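The next block holds one structure in the form of structure tokens; read it before the comments.
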Amino acid sequence: MEAQLLEFIRDEFLDDPETEIDADTKLISGGFIDSFSLVSLQSYIEREFGKRIPAPRITAESFDTIKQMVQIIQQF
Amino acid sequence: MISFEFFAILGLSLVLYWLLPAQRARNLLLSAASLLFIWLLDHQSLVVVLALTLFSYGMGQAIYRLKRNSWVHVLGVIGILASLIFFKYLGFLAGLFDSLYIFLEALPRFSLHHLLLPLGLSYIAFKQISYLSDIKWKLVKPGSFADFLLYNSLFTIFLAGPIERFERLNPQFQSPRIPFKKADLELGSRRIVIGLFKKLVLADWLGFFISGIWNNPSQYHPGLALLAVFGYAFQIYLDFAGYSDIAIGASRLFGLRVMENFDRPYLATNISQFWRRWHISLSDFIRDYIFFPLSRLSSNKVWLLGFVPVIAMGLCGLWHGADSRYLIWGIWHGLGLSVYQIFQQLKRRLGKRKMLKFNAFFAAIAWPLTFMFVSLGWLSFRAFGLPMARHIFFSFEGLTLTLISFLLLIFLGRWLPAFLLDIGARIRWRPAFTLYLLLICLICYSALNTEFIYAAF
């Protein structure tokens, strides 16, 4: 799941696909992804993993890194 | 908020609060103090708060207990919105209907213009919509009625937010006993004094100096009018950030942590970032309960990039009041977000190499452009500033000075944001500062005293 999310984020949202990001990179607070990108990410997660994550969970506090995303996805 | 009632209730309840041993008893005391505060301000508001709290709590219980609960959720949100529309927007709508009255003479005429907006209603309505939606999404449990009543009425954040979530406040109410910490008292009182300073010394006096220009711009040089536009940007920020400081600080005195509402918004380098830093509790609400649900309706790019931000921000504008100037302000920001997002998509499409040569240019104009965009947005927000806009932008002098100020901001942008951040980090607060600031606040309060701008929403 981590690798899949990493690939999707790198391909879809990064200005420069060569930017080094990993499972601990702060993506929202670090300015890599914004609300518009998070809408696409929410749809992607629903499509790929069958989990619908409510918007209040998709925040810089709880959804900032890929590791946190995986934890949240597993909760739902 | 800066009233005898507020500080008397704050002082008295604070002493009793820390004398009580159990958090349950403390919460009941805070609820009683909060209801007393609302009652002293306006009897009608207390009735509305209690009625809405009962309604939403009942709806929350139903959503929690029923398996097929979507219709209860919809009904609950409609009920809350109906109360908001009834008190806040019906006068505005009645005005529109009045203009059609000539064609509808056979219908009975209702007089709704003098319906008063209950205090804090806009904030409670959003808190309760988030409460019902979070129960629906299984993010929170309904909690006890006493805790929900305290969540809605807590007097430290009642008048103008922050629009806290039940999910964040309720665990604090549930705590067996919030420990007494000297640091909470020190940080809380410091924060209150800083808030008073922002409001009474900076915002009110700034407002005093620029209000003449805003009221009659044609009497002044376009350069001064332009300064008054920038001045209002700082007045509204200092006024609202000052209020938020007092609200957060007063809550901290009771050991309660309330979310931050501002994070240096005028240092934002794009409009999307600005909305992550300005009135954070409202923009979070708009994002979670309007922007995301609207975005899910269609994956069409025109809808997502063109319509959703404009509709969401238009509603955000209307939340401030039933007035076209707020709607225009919201649409202005919605269009800004939309254009910024389209630009981001284009940047991604063109790829890194093609954009590289423009990077230095974009970096130089990012901050001044954002600041100018936001400042110009306040033109509509503040008394529908068409005369002001006409005076500045329909004259050669005004346009030239706007261009010069933009160039000046580009120059300042090279070091000013970093300098301000550095100064902020270097300040070492001493207890004496709190007393000095309080003294200055008291002197300024006796000379000039105005209401908080955002308390009117």
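Every number here is computed from the coordinates shown, using simple stated rules; none is lab data. Keep in mind that what you see is a predicted model, and the values were worked out from it rather than measured. Glycine also receives a Cβ, built like all others from the backbone with ideal geometry; neighbour counts cover every protein chain displayed.
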| message | Of B:49, B:318, B:144, which is farthest towards the positive pole of chain B's charge dipole, taken about the Cα centre with +1 and -1 on the beta-carbons of Lys, Arg and Asp, Glu respectively? | response | B:144
| note | Put in order of increasing Cβ neighbours within 10 Å, starting from the fewest, B:136, B:182, B:127, B:347 give B:182, B:347, B:136, B:127
| query | Any idea which of B:292, B:173, B:155 is furthest toward the positive side of the dipole for the protein assembly as shown, if Lys and Arg beta-carbons carry +1 and Asp and Glu beta-carbons -1? | reply | B:173
| note | Computed for chain A: size of charge dipole around the Cα centre, +1 on C-beta of each Lys and Arg, -1 on C-beta of each Asp and Glu, debye to nearest 20, value 540 debye
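Quick check on region B:379-442: take the gyration tensor over C-alpha atoms, sort the square-rooted eigenvalues as a ≥ b ≥ c, and tell me if it's rounded (a/c under 1.5), prolate or oblate. Walk me through the intermediate numbers first.
Numbers: a/c = 4.19, a/b = 1.73, b/c = 2.42.
Oblate, because a/c is 1.5 or more while a/b does not exceed b/c.
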| task | Evaluate the Debye formula for chain B with equal point scatterers sitting on the alpha carbons, no solvent, and hand back log10 of I(q)/I(0) at q = 0.06, 0.10 Å⁻¹, in q order, two decimals. | result | -0.30, -0.85
| said: With +1 assigned to the C-beta of every Lys and Arg and -1 to the C-beta of every Asp and Glu, and no other charges, what is the dipole magnitude of region B:184-456 about the Cα centre in debye, to the nearest 20? | reply: 1280 debye
| request: List B:43, B:221 from most exposed to least, where exposure is judged by having the fewest other Cβ atoms within 10 Å. | output: B:43, B:221
| Anisotropy class of region B:4-180 from Cα gyration tensor, a/c 1.5 cut | oblate
| request: Would you mind pulling out the separation of the Cα centroids of region B:176-213 and region A:9-76, in Å? | output: 36 Å
| Is region B:149-203 rounded, prolate or oblate when judged by the Cα gyration tensor, a ≥ b ≥ c being the square roots of its eigenvalues, rounded requiring a/c under 1.5 and prolate requiring a/b larger than b/c? | oblate
| How long, wide and thick is the protein assembly as shown, going by the Cα atoms along their three principal axes, in whole angstroms, largest first? | 70, 64, 63
| said: Give me the three principal axis extents of region B:184-456 from the C-alpha atoms, as integers in angstrom, largest value leading. | reply: 56, 48, 41
| task | Using the Cα centre as the reference, give the magnitude of the dipole from point charges on the C-beta atoms of region B:4-180 (Lys, Arg: +1; Asp, Glu: -1; all else neutral), rounded to the nearest 20 debye. | result | 820 debye
